[in-house]
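Written below as structure tokens is the structure these notes are about.
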Amino acid sequence: MSRDSSIFLSIIIPAYNEEARLPETLEQVAQFIKAQTFTSEVLIIENGSLDRTWQVAQEFANQHPQFCVIREAQRGKGLAVKTGMLQARGEFRFMCDADLSMPIEELSKFLPPAQTRFDIAIASREAAGSVRYHEPLHRHLGGRVINTIIRWALLPGLQDTQCGFKCFQASTAEDLFRSQSMTGWSFDIELLYIARRRGYRILEIPINWYYNPESKLNIFRDALKMMADIWKIRQNGRKGLYNPRS
Ligand SMILES: Nc1nc2c(ncn2[C@@H]2O[C@H](COP(=O)(O)OP(=O)(O)O)[C@@H](O)[C@H]2O)c(=O)[nH]1
Ligand SMILES: [Mg+2]
């Protein structure tokens, strides 16, 4: 893939043990970008999968010049997205879960001309007009409890910080991802917290979202870790570690 600086859209896909879901996702993403008039690149970030994710992604990228695969040495969704965002060249940089629980066509809602004045546009499963399909009650309630804590502790008013689809303007991505320290599931809470402190405009975009039962999130272990991370983000904020860069 050429490192063209005139790319409009970068799609960043973190992928861990995704050999089953990835081929269909990459096919759909390829069809989507082919149908657009703007230029795109797709970065797949893999780190230490135990299955054939790396090979599957490589084989696809060999056939599709706009796709490239990056291997990150350490584990973690947050680290994978950070690596992709900082290597991307697009004017807009969109993180996208490998399961496409948001249909890829919805991506247009995050870009001009649909949106014009924003620094970060985040998918929301709670904003008016959004629809969740097939989500079990326990998963929904678990998510709402975590969101209530996040709103209370760090991000008042943001109804859904955890959805895996978020679009950043290039300069915003460069600034925020350089300041990100969390490498696991809590990274988007940290990024949004830093974004608020630095005065970036955050837009919530209602989406159609389809629950996928093959989650890599362990609701108990990862929720506990998230609680610890929320506490850490508050502490970091108090120490001034997220102050605007001079
Ligand atoms: N590269 C990378 N991707 C990860 C890691 N953990 C999760 N992901 C990716 O993060 C995305 C969301 O994971 P998923 O299991 O769908 O979580 P959920 O939607 O929050 O239940 C998927 O694209 C995963 O492959 C990791 O350690 N490394
Ligand atoms: Mg998912």
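Readers should treat all values here as calculations from the given coordinates under stated rules, not as data from a laboratory. Here the structure is a predicted model, which is why all the values come from computation and not from measurement. Positions of Cβ are generated from backbone atoms using ideal geometry, with glycine treated the same way; all protein chains shown enter the neighbour counts.
Who wins for biggest fluctuation among PHE67, PHE92, PHE32 in a Gaussian network model of the chain, springs between alpha carbons below 10 Å?
Answer for the Gaussian network model of the chain: PHE32.
Working out 0.36 nm times the residue gap between ALA128 and ARG234, then minus their Cα-Cα distance, what length gain in nm do you get to one decimal?
Using 0.36 nm per residue and subtracting the Cα-Cα distance, I get 35.3 nm.
With a cut-off of 18 Å, note down the residues of the stretch 99-138 whose backbone N falls inside the zone around a label point 7 Å from the Cα of GLU24 toward its beta carbon.
Answer for the stretch 99-138: 99-106, 133-136.
Between the stretch 131-171 and the stretch 1-57, what is the C-alpha centre distance in whole Å?
When both Cα centres are located, 24 Å separates them.
Exceeding 28 Å between C-alpha atoms, which entries from my cross-link table qualify? They are LYS109/LYS239; LYS82/LYS109; LYS34/LYS109; LYS82/LYS216; LYS82/LYS225.
LYS109/LYS239, as the Cα separations exceed 28 Å there.
Report relative contact order for the stretch 9-238 in percent, whole number only (criteria: Cα-Cα under 8 Å, sequence separation at least 6).
It comes to 24 percent, rounded to a whole number.
Any chance you could run the full-extension gain for PHE38 through LYS109? It's 0.36 nm times the residue separation minus the Cα-Cα distance, nm to one decimal.
Value of the extension gain: 24.1 nm.
How much mean residue ellipticity at 222 nm does the chain get from its helices, if each DSSP H run of length 4 or more adds -39500 (n - 2.57) and you divide by all residues, to the nearest 500 deg cm²/dmol?
-12000 deg cm²/dmol
How many nm separate the modelled label positions at SER6 and LYS225, each set 7 Å beyond the Cα in the direction of the Cβ?
4.3 nm
Starting from the 7 Å offset along Cα-to-Cβ, what nm value, one decimal, do you get for the label separation of ARG197 and VAL145?
The modelled label-to-label distance comes out at 2.8 nm.
Extension gain TYR211-ARG71, at 0.36 nm per residue separation less the Cα-Cα distance, in nm?
Answer, rounded to one decimal: 47.7 nm.
Along the three principal axes, how long is the chain when you take its alpha carbons, biggest first, rounded to the nearest angstrom?
Computed over the chain, the largest-to-smallest principal extents equal 47, 42, 38 Å.
Please build a GNM for the chain, connecting alpha carbons under 10 Å apart, and tell me which residue among LEU107, LEU137, LEU155 fluctuates the most.
Evaluated over the chain, the most mobile residue of the options is LEU137.
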